Every structure is written in C-alpha cells, then in structure tokens.
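The values are calculated or read from the model by the stated rules, or taken from the named source; none is laboratory data. Everything quoted here is computed from the prediction, not taken from an experiment. So basically every Cβ, Gly included, is an ideal-geometry build from the backbone, and we count neighbours across all protein chains shown. To get the accessible areas, we keep the full protein, side chains included, count just its heavy atoms, and leave off ligands, DNA and RNA. Shrake-Rupley method; radii C 1.70, N 1.55, O 1.52, S 1.80 Å.
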Amino acid sequence: MMLKIKRVPTVVSNYQKDEAGEPARSVGGCGRNCLKSCCIPDAKLPLYAFKKVDGKDLALNECGEAPLAFLDSLILGEWEDRMQRGLFRYDVTACETKVIPGEYGFVAQLNEGRHLKKRPTEFRVDKVLQPFDENKFNFTKVGQEEVLFQFEASDDGQVQFFPNAPVDVDNSPSFVAINVSPIEYGHVLLIPHIFERLPQRIDRESFLLALHMAVEANNPYFRLGYNSLGAFATINHLHFQAYYLALPFPIEKAPTKKIANLNGGVKISELQKYPVRGLVFEGGDTLEDLSNVVSDACICLQNNNIPFNVLISDCGKQVFLLPQCYAEKQALGEVDPELLDTQVNPAVWEISGHMVLKRRKDYDEASEGNAWRLLAVVSLSEERFQEVNELIFEAIGCAELDDVNVECVKEVDAVNSSGHPSNVVVAGSHECVVLQ
C-alpha cells in the first residue's frame, strides 16, 4: 500500500508553480532568468570560497568567539538586500513570536502567510529515497536574483570572496539562495552541487559542506537543518535550510546520556526528557570525522527507509539526528484530528522546538503541554528507537572498520529504566559493549 498525505506545499521560490497552474513570474531573458542552460552560461554570481577546517582549528575556535565572520555578514547583507527588493512572499520580521512559559522555553511564531493561496497537494511519505524528477520543481528553476552566492572550498586554503564570478556549470557549484517563505530572519537554502540534480538524500560530501557552512558562519544563533522525504521535505532536490534565531532551541537545552565514543573523537549520546527521541553527535578530531559518522548514520536511515530530520548547531560542533514517524501515522489515520487541524508540519525546526503556527487560535493558546503533545506523536516508540539505534551502530562500525572504530565507554551511568544495562554489540575492529 502506498502511503500519502495531503499538505500545503511550502513555496521556496517565486518561480515555483502552483499545482493549479499559477504562472511563474517573468523577469526577462527566457522569461525566468533561471539557472538552466538557457540563462546560466553567461551569468556571473558572487562566490564565497571557504577555508577548510583542520583538527587544530576546530578544537581552538569556540562558537561565536571570533569577530563577526565575513560569511555571517554576507548572508545577512545579501538577505536584507533581497528583502528590500521585495522578493519575499511576506515580511517575516512582522510575524509575532513569543517564548512559551515552561522548563524548555519552546518558541512559538504566528506565521499566517506561509500557507496562504496554496491548496493541499498529495505527497508520498513511505519512500525516503525517490529518484530526481526533472518535471517537478527543482532549484535549477529558481531565479538568479534569489541566489545570494556560490559556496565552495578555497583552492589556496584562505577565505576568498569574488563579487562577480562566472558560474562553472561543469564543476556544478553549490549555491546559497533565499527561501521566499522564510520562517525566521536570514532563512536561506544551501543547495549542494546544484547542477548534478541530486535527489533529497544525504551523502558524505554534501553533509561536510553543510558543516563547513556552520563553522564559517561562526554564529551560535545560526543553525542548519535537513528534512528527508517522509519527514516533511517537499522538494526532491538536495538542500539544507538555515536561519538565525537569537534564542536557544529547546532541543539544545535537553539533557543527554552518553552511549558511545568512537575513535576519531566523536561522542554519541541519546536525548533525555525530550518528547522526540534522537541521537546527538559531538566532537571529532577533525570536522570530517564528525561529518563521516553523522552522514553514515543518515545513509543507514535512508537505506532502511526511515524518515529523519537533522539539526546542526553550535557552529557545527553538535548534530542532532531525529528519526520520526508523524507523516506515516498521519497517512494511516493515527493522528488526533485536533493536531491535524493545526496544520503544523513537524519538520526539523518544529521538532527542535520552534513551533511555526498558522492559526491565531493556536498561537494564543500555545503552551509547553501542547507543544509536547504534538512532538510526542512525531517520535518513534522506545522499542523502535532502540532497533533503529542498533542499525545505526552496525552501519557506523562497518563503514568505519579501518579508521574509526568503536571504543568502550568508561562511564557506567547509562542504564535503562529497570536499572540494568542493556548490552548491544557494535560492529568494529573489536567487540565492544555499548551501555544503553
């Protein structure tokens, strides 16, 4: 049985056609000024070349300690320019926002403009991996004025910025573009290797690029997020989202329980006392160590058809991996109609604690209990979550057999509710017991 849900699709570009046939906005050239072969050959766009981070740099730099990073100012300056040019569908800075009283400080935003003038569309939610479809909207169809800059590694190891650089289509650059339906200030999209037309699936190279962006921005209020298909991604073209929120996300304040250390310095923990079960990855001798472990875990979920969301925080030093099942439950009719009536789509930002609400009633009545009730439906059961963890640990062990092997955890504070450790054997160069 094919599982589908109906939801209002998020409009991320002014060139994204409505399902009912709403025409795209014309701006000269082929009428779209797009990123396809008709418009891109002679195009020039700003290029930010970042410095690759080595282990020493990663260890010494604390998030936000250095002076304002150039990438940070570039994103904000270019985003403000597009705002002044009227490219956004609404003024997100005018949206009401409040911190909900309670232990975690969930953040509620009233964003009535994000779903207006759109009709619900069917989305398949039972396949995390789906082939790229050129006939559907993808990011090569966005307008060049929506692109802020190209983003790639520097050739000489130093940060460089070129305000008017040619677009090397053959090498498929990565782009940073605005989201014309922003959730918060500075809401952008990172589109890795845009011309390769990659479907929405994480690989090692693309995830490392996202971590580099977090490190380069060097702002603790700038986080990146990822939604898989089946976890409320609606565009099957590889992309990450990012924006600024000058508050801690509730998920960042949740306690954690360490369950494993890996060679390479990566620590894996489980979220505790939070409505959505998830894993937290931190550390790493190099940025690539952390990236490889997290991306291998994501690839494992993809290959096992498990929808998930990812939050990158603390300037790339902390990553939350959150398998979820809300869309599946919705397709099966297992979600309370009252929750469905809110039209909240619990993707990475909502799961992390930033509740984007579309009705005044829900905003006025927002409470920590209501947020918790919604997110609890998103979460896997404890039994299923532990099954998924076993899949992830096996995948990490197998993928990293030669260079990142699991080490035994010295702390013995991770026990299950019965007070007795639950032993899981993790694949690696030697047997190791990970306490859960």
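Efficiency by 1/(1 + (r/R0)^6): what FRET value for residue 36 and residue 386, r their Cβ-Cβ distance, R0 = 45 Å, to the nearest 0.05? The partial results should precede the final answer.
Details: r = 46 Å, r/R0 = 1.02.
Between residue 36 and residue 386 the formula returns 0.45.
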Simple label model, 7 Å out from Cα along Cβ direction - residue 73 to residue 161, nm | 0.6
Entries in 267/358; 273/317; 44/253 that, when Cα-Cα distance is taken, lie over 32 Å = 267/358; 44/253
Assign unit charges at the C-beta atoms only (+1 for Lys and Arg, -1 for Asp and Glu), then state the dipole size of the range 81-192 relative to its Cα centre in Debye, rounded to the nearest 20.
-> 700
Net dipole in debye of the range 301-391 [+1 Lys, Arg Cβ; -1 Asp, Glu Cβ; about Cα centre; nearest 20] | 340
How much area per residue is accessible in the range 196-323 when the probe is 1.4 Å and only protein heavy atoms are counted (Å²)?
-> 26
Calculate what fraction, in whole %, of the accessible area of the range 271-354 sits on carbon and sulfur atoms when a 1.4 Å probe is rolled over the protein chains.
-> 39
Putting +1 on Lys and Arg Cβ atoms and -1 on Asp and Glu Cβ atoms, find which of 286, 325, 315 reaches farthest to the positive end of the dipole of the range 274-330.
-> 325
Extending each Cα 7 Å along its Cβ direction at residue 169 and residue 51, get the distance between those two points in nm, one decimal.
-> 3.5
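Mind giving me the FRET efficiency for residue 367 and residue 394? R0 is 25 Å, r the Cβ-Cβ distance, nearest 0.05 is fine. Provide the component values of the computation, followed by the final result.
Working: r = 40 Å, r/R0 = 1.60.
That gives a FRET efficiency of 0.05.
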Provide the per-residue ³J(HN,Hα) series for the range 96-106, in order, calculated from phi with Karplus coefficients 6.51, -1.76, 1.60 and θ = phi - 60°, each as a whole number of Hz, with x at glycine and proline positions.
-> 5, 9, 8, 8, 6, x, x, 5, 9, x, 4
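Take the alpha carbon atoms of the range 129-287, find their radius of gyration, then divide it by 2.2 N^0.38 Å using N residues; give the quotient.
Working: Rg = 17.1 Å, N = 159, 2.2 N^0.38 = 15.1 Å.
Output field value: 1.13.
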Spin-label model distance (nm) - residue 134 vs residue 359, 7 Å beyond Cα toward Cβ = 4.3
Determine how large the accessible area of residue 356 is when every protein chain is in place; take a 1.4 Å probe and give Å² rounded to the nearest 10.
-> 10
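Which whole-number percentage describes the relative contact order of the range 146-241, with Cα contacts under 8 Å and a sequence gap of 6 or more? Show your work: numbers first, answer last.
Working: 110 pairs, mean separation 25.0, N = 96.
Normalised by residue count, the contact order of the range 146-241 is 26 percent.
Would you kindly state how much longer the chain becomes between residue 85 and residue 305 on full extension, computed as 0.36 nm times their sequence separation minus their alpha carbon distance, in nm to one decimal?
Values: separation 220, 0.36 × 220 = 79.20 nm, distance 4.13 nm.
Full extension from residue 85 to residue 305 adds 75.1 nm.
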For residue 263 and residue 196, calculate 0.36 nm times their separation in residues minus their Cα-Cα distance, and state this gained length in nm to one decimal.
-> 20.8 nm
